[in-house]
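Reading through the structure tokens given below for one structure.
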């Protein structure tokens, strides 16, 4: 039985959360982790589960390149590719990976869901271009440099685009875990049946999701990280998102507890959002930060905007079986953004200030209900 002091502490935490949520939409949450720890009996890492979702961002406006390749005019192809390469150099993923690794070190999530884990190769000798970036390895190296031992639970390739000789882009989903906390029981990757497909020569857009079962402190959780399609007009994307999210939800059946996260490319109130609600999932941000807008997308393509350029909430953490949005069994935990305030910016190799990604990352720590284990 929880002591009166701990119940009062928990009540104070909830009240503090409510006060933060009543603040102006741009106000940061002042989460008191010490109070959270006291409320749940000391070491929260033995009583909760922490996740982080981050779209790593390829580093340039890929849609502009796809558009150039899709037009019948060949004269715009090379300029679009050269502009993208210049932007990728400016957005400097190795520097951004270092900043993301430092944030992971600060937060120590148990599971990290990553989207746009890219492998970029652009080799054009006549133009003096020789670029090769393996985002997965760069990030793992950055984590190791911070003294962290995160391991890949699963990496699943969505597609490889090869629009011209010497040019390729591989897009993948990846899930990392802290092996000191998470025992991986199984993992799998999936491609959506509903996809855009071929949109330009050598560009076949396929998206998907990864699933991992992991045991933490005796409880087995099912984790999902996904990336729905982001290229196209709303009238095309809204039904496509609903179909893609529906595939993921159907694959889980009634599995609980489950945590789904990622770049859903869809806003609250859309059909895909409703699919998650109908599947019994709770929007963690909506439950813990009601009234706070929580925008996650998107900064400028070259990440140079001095102020936050985020205008919509499309990245999420969802839970099922860990608490409801409201009521006696309400979800208890903390959730916040990373990469949405100017202090999160870093310097690229040229000394210019840039954002860690074009999306804000989302970090949540959810309290496991007492007596729940499977």
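Beta carbons closer than 9 Å, at least 6 apart along the sequence or on distinct chains, pair a first residue in region 93-117 that is at positive phi with a second that is part of a helix (DSSP H, G or I) for 108/45; 116/135.
Residue-wise test of (1) assigned by TED's automatic domain parsing to the domain that holds residue 81; (2) over 26 Å from residue 271 (Cβ atoms); (3) touching a strand residue (DSSP E or B) at 6+ places or on another chain (Cβ under 8 Å).
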position: 180; (1), (2), (3): yes, yes, no
position: 210; (1), (2), (3): yes, no, yes
position: 232; (1), (2), (3): yes, no, no
position: 242; (1), (2), (3): yes, no, no
position: 252; (1), (2), (3): yes, no, yes
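Please go through region 189-219 and pick out each residue that is in a strand (DSSP E or B), at pLDDT 95 or above and over 23 Å from residue 362 (Cβ atoms). If the condition is that a residue be in a strand (DSSP E or B), at pLDDT 95 or above and over 23 Å from residue 362 (Cβ atoms), then 191, 215 are the ones that fit.
Can you tell me which residue within region 314-335, out of those that are in a loop (DSSP other than H, G, I, E, B) and touching a strand residue (DSSP E or B) at 6+ places or on another chain (Cβ under 8 Å), is surrounded by the fewest Cβ atoms within 10 Å (Cβ to Cβ)? Applying the filter and picking the extreme gives 325.
For region 49-62, the criterion of being surrounded by 16 or more Cβ atoms within 10 Å (Cβ to Cβ), farther than 24 Å from residue 111 by Cα and modelled with pLDDT under 80 is met by at least one residue. The residue that is nearest to residue 163 (Cα to Cα), counting only those in region 225-253 that are in contact with a helix residue (DSSP H, G or I) (Cβ under 6 Å, 6 or more places away or on another chain) and not in a helix (DSSP H, G or I), is 231. Of all residues in region 287-310, those satisfying the criterion of being out of contact with any helix residue (DSSP H, G or I) (no Cβ under 6 Å at 6 or more places or on another chain), outside any strand (DSSP E or B) and closer than 26 Å to residue 248 by Cα are 287, 288, 293, 295, 296, 298. Every condition in (1) surrounded by 16 or more Cβ atoms within 10 Å (Cβ to Cβ); (2) at pLDDT 95 or above is met by residue 94 except one, and the failing one is (1).
The values are calculated or read from the model by the stated rules, or taken from the named source; none is laboratory data. Quantities reported herein were computed from a predicted structural model and do not represent experimental measurements. Every residue, glycine among them, receives a Cβ derived from its backbone with ideal geometry; neighbour counts consider all protein chains shown.
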